[in-house]
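Working notes, beginning with the structure itself.
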Amino acid sequence: MENLRVPSHGGIIMDGNGRWATQRGKDRSKGHAEGSKNVEKIATHAFKLGVKTLTLYAFSSENWSRPQTEVNELMRLLKVYLKKFAKKFATKKARLVVSGDRKGLSSELVEVIEQCEKMSEDCVEYTLNIALNYGGRQEIVRAVNTLIEKGEEITVDGISSNLYTAPFGEPDLIIRTGGEYRLSNFLLFQGAYSELYFTDVLWPDFSESQFDLAIENYSRRQRRFGGV
Ligand code: IPE
Ligand code: IPE
Ligand code: MG
């Protein structure tokens, strides 16, 4: 892993929990439990390699269309793990932030989010950004509406500075596990020039060495941003 160019901001679409469980004859919720356990390991590893910000897609604006029992289990796990992460990562100088529409979340969960953000707000070295009830299209609309309310011109820079990710910038690399080749409404605006890496490995099986493979692959990419 020497001489590697490490993305400053990495995004992960953590997909494949359901299939991981189904393949083992288990309930989909077991896959989410297993996937949740993997977050701390991968985030710790990413920060160790030099990634400054990690944005993890935990629940999309569209995931509400899943069976109620699955949604409930996901919300329960989020409450448990956000608290764990905020405590754990604060000791590693990492700040926890949550991006997405809080209006759709239970007041209990919103309280947990606010506590976690408060608890870790002075940790400035790294950022763990959890995209929760997040949709890229919704985020763009929200940014445009903010500009309109402020009476500001609608420009690319104006929209950029009103996205959830404004404080830490655009993702250099977006990884999707689980074998699907799509963005599913993740970081649409700020991902315009992100490098994309897709792997068939299901999220609960995505290990540190799998993450290293993605970084090695990213390291070989030539980013041109429209130039030559
Ligand atoms: C990703 O795993 C987790 C969430 C979307 C919350 P999935 O639950 O989408 O897993 P698959 O794609 O059905 O295997
Ligand atoms: C994207 O995965 C959302 C998260 C990983 C949180 P989905 O499983 O919801 O995406 P689709 O439905 O396959 O596009
Ligand atoms: Mg999926």
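The values are calculated or read from the model by the stated rules, or taken from the named source; none is laboratory data. These numbers come from a predicted model, not from an experiment. Every residue, glycine among them, receives a Cβ derived from its backbone with ideal geometry; neighbour counts consider all protein chains shown.
This table checks each residue for (1) away from ligand 2 (no atom under 13 Å from the Cβ); (2) out of contact with any helix residue (DSSP H, G or I) (no Cβ under 8 Å at 6 or more places or on another chain); (3) farther than 21 Å from K79 by Cα; (4) not in a helix (DSSP H, G or I).
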residue: R19; (1), (2), (3), (4): no, no, yes, no
residue: G35; (1), (2), (3), (4): no, no, no, no
residue: N38; (1), (2), (3), (4): no, no, no, no
residue: A46; (1), (2), (3), (4): yes, no, yes, no
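Scanning region 51-66 for residues that are buried (at least 21 other Cβ atoms within 10 Å of the Cβ) and either among the aromatic types (F, W, Y) or modelled with pLDDT under 95 (or both) yields a count of 2.
Applying the condition of being of a type outside the set (D, E, K, R) and part of a loop (DSSP other than H, G, I, E, B) to region 1-17 and asking which residue is farthest from the chain's Cα centre (by Cα) yields N3. When you scan region 118-129, do you find a residue that is at positive phi and touching a strand residue (DSSP E or B) at 6+ places or on another chain (Cβ under 8 Å), even just one? No. E180 falls short on exactly one of the conditions (1) within 16 Å of ligand 3 (Cβ to nearest atom); (2) surrounded by 14 or more Cβ atoms within 10 Å (Cβ to Cβ), and that condition is (2). Residue count for region 131-151 under the criterion of being within 14 Å of A166 (Cα to Cα) and among the basic types (K, R): the result is 1.
Quick test for you: out of E139, E152, pick the one residue that is farther than 24 Å from R221 by Cα and part of a loop (DSSP other than H, G, I, E, B).
Exactly one of E139, E152 is farther than 24 Å from R221 by Cα and part of a loop (DSSP other than H, G, I, E, B), namely E152.
Mind checking whether some residue in region 87-101 is buried (at least 17 other Cβ atoms within 10 Å of the Cβ) and farther than 20 Å from E40 by Cα? Checked region 87-101: at least one residue is buried (at least 17 other Cβ atoms within 10 Å of the Cβ) and farther than 20 Å from E40 by Cα. Per the conditions (1) over 26 Å from L49 (Cβ atoms); (2) in a loop (DSSP other than H, G, I, E, B); (3) touching a residue at least 12 places away in the same chain (Cβ under 8 Å), the sole criterion not satisfied by L147 is (2).
Per-residue answers, yes or no, for (1) in contact with a Cys (Cβ under 7 Å, 6 or more places away or on another chain); (2) within 14 Å of ligand 3 (Cβ to nearest atom); (3) under 27 Å from E170 (Cα atoms):
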site	(1), (2), (3)
R19	no, yes, no
G31	no, yes, no
F47	no, no, yes
Q68	no, no, no
E73	no, no, no
Y81	no, no, yes
